[in-house]
DNA sequence: TAACCGGAAATGGTTAGACCTTTTCATGCG
DNA sequence: CGCATGAAAAGGTCTAACCATTTCCGGTTA
């Protein structure tokens, strides 16, 4: 079980630059960059891999844990440690951004704006590149929104799917990932928010507007529609926030979270 | 040394939901979100904190390591573990994105496009909001570029600083962080690339064009100028890549890295 | 013959205790 | 007063063992 084709793992020199576990991270990262570890692959058992790399098991585990924290590896007790499978759109973990938001006191306005910029960018690209299938999906989601005007939870599902479809139609997985990262943070409390039917109707109209611009291959129109859509969503959310703040002291810190229909 | 004002640390229930170390991560994360741990703060020593949380030291270390991996904590041997200080623009670690690029086979074209979208967004915002000081800084960096046409290394420094100034002038730290994240990946091999003087002159002109649009408070002009600037940079890089590929078989995998003047 | 169930083996998760290396800081000497 | 030295503090690493979960093979049964 030791030396079959595992010679790709090289023992770590004692006279390394950083700490031992950092070196372990570098080793594993290099192997991923070189393509020796591919998505879905299983790493050797920790006990074996530790021997192969010439480090102790806790040190190896420290390295694995660091890579797991950034979403590259995933360990399952009893099963093994795997390189994360690349099924569907790749996604970056949003918790780093979330923590940074707390640490630096990001305002919701800042996050809304970031999301708006990203959504406008992907909408513009989608207008240039969306395939027929993708446009059909968008249309279906818009129809789903109009069909769920009295069911906010269902509406939100179509809402999210519409935006994801647009993002994937942009053909740029990096922008898609970044957009999802930001949107995830704003989503957290969105689902908890009570939505009025009039808001939903307006929101659905805006989504249809975005869809039509994309179908017309009109990037600037799509960008403008998306801008207005998100601006209205932000205004609606701020309105609800003020209402909700009435009677209860506003929590000055961590201005995260968002609501309203998007 | 145990119970001074450290009662904010609560013992972890044995009947928790996930693994013990995950619970440690949640605990620390919650404390950050609640503002009990602020940037620059030092955590209690591992041995003490482990006792306070009711877990073993390796388990605590695992949690700390996970948060360190995403750039929230930082440990210094002999000194202690600190919440990362928020000096200057907050920065997200780019290694997750870098690893994802390798795993999913992102093309450089995709990365260039992502960077272009982000840079255009911040340029547009900067045109609306840049302060006099920020515009002065941009101007200085442009001047620095023209003064370093025969010193590619120096030129690159002004180049990078110009873009960072524009980003910070956008007033949106999230977009700035995301932009830096993408730009960092593209930067890696940029510095290694040989640049011809004519490229640098053109690049400096483009930067000046961007600066002027921002000074004129012309968001669309700034966006357009930035778009053209980065499109030219990408074309120049692709040209150099082709030249460099002559005589040596192209490496089909991992199409990362970039070069040329930006 | 095929489906199901049980248990052994594999594998990650956790703990304990010890020791090493680096940093910090106070003490004492010049 | 200032610098050097050394003790204390704190993170980094290792060994060894045990626990919890998953997997999978093999036997049993319908």
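The values are calculated or read from the model by the stated rules, or taken from the named source; none is laboratory data. These numbers were taken from a predicted model, which means no experiment stands behind them. Reconstructed Cβ throughout: ideal geometry from the backbone, glycine too, with neighbour counts over all protein chains shown.
Condition check ((1) over 27 Å from residue B:204 (Cα atoms); (2) assigned to a helix (DSSP H, G or I)) across all residues:
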{"residue": "B:75", "(1), (2)": "yes, no"}
{"residue": "B:82", "(1), (2)": "yes, no"}
{"residue": "B:102", "(1), (2)": "yes, yes"}
{"residue": "B:135", "(1), (2)": "no, yes"}
{"residue": "B:139", "(1), (2)": "no, yes"}
Select from the stretch B:224-240 the residues that are surrounded by fewer than 21 Cβ atoms within 10 Å (Cβ to Cβ) and modelled with pLDDT of 95 or more and list them in ascending order. B:224, B:227, B:228
Within the stretch B:77-94, restricting to residues that are touching a strand residue (DSSP E or B) at 6+ places or on another chain (Cβ under 6 Å) and more than 10 Å from chain A (Cβ to nearest Cβ), the one that is nearest to DNA strand C (Cβ to nearest atom) is B:80
Hey, could you check the stretch A:37-66 for residues that are more than 12 Å from DNA strand C (Cβ to nearest atom) and within 11 Å of another protein chain (Cβ to nearest Cβ) and say which is surrounded by the most Cβ atoms within 10 Å (Cβ to Cβ)? A:66
Which of (1) surrounded by fewer than 16 Cβ atoms within 10 Å (Cβ to Cβ); (2) more than 8 Å from DNA strand C (Cβ to nearest atom); (3) more than 30 Å from residue A:169 (Cβ to Cβ) does residue A:74 not meet, given it meets every other one? (3)
